[in-house]
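What follows is a set of notes on a single structure, which appears directly below.
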Amino acid sequence: MSSAASASVDAKQDDVPSDLLELTQAIESLPIEQRIRLLPSLRRVTESSVRRRRILSLVQEALGQLRLDMKYLVFDLEATRRERDEFQRRLADIAGDEIE
């Protein structure tokens, strides 16, 4: 594997699945003619895998934030309903006092 391709793969090893790392090692053990043919495909697959993992991470973060936002909204809705019910009760009390 060329040093540039190797450096690119090494920099992303934390993001690369172990199966893909094993494939990289297997390709590195091939004769140079076969490696040259396979390196572009390996690079595309590696970049695609890293990109998918980053997207998945962003989606998971967004879902976590959405869940938190929903909890706040539900809390606010419940508080608003309690306030409404309290004001309706007060209004009913006031209306009842005026009738007497």
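Provide the net charge surrounding M70, with neighbours chosen by a C-beta distance below 13 Å and charges set as Lys +1, Arg +1, Asp -1, Glu -1.
My count for the surroundings of M70 gives -1.
Which value in nm describes the separation of the simple spin-label points at S29 and L63, placed 7 Å from the Cα toward the beta carbon?
About 3.7 nm separates the two model spin labels.
FYI, it's all coordinate maths here, none of it is from the lab. Keep in mind it's a predicted model, so treat the numbers as computed, not measured. Neighbour counts run over all protein chains shown; Cβ positions are idealised from the backbone, glycine included.
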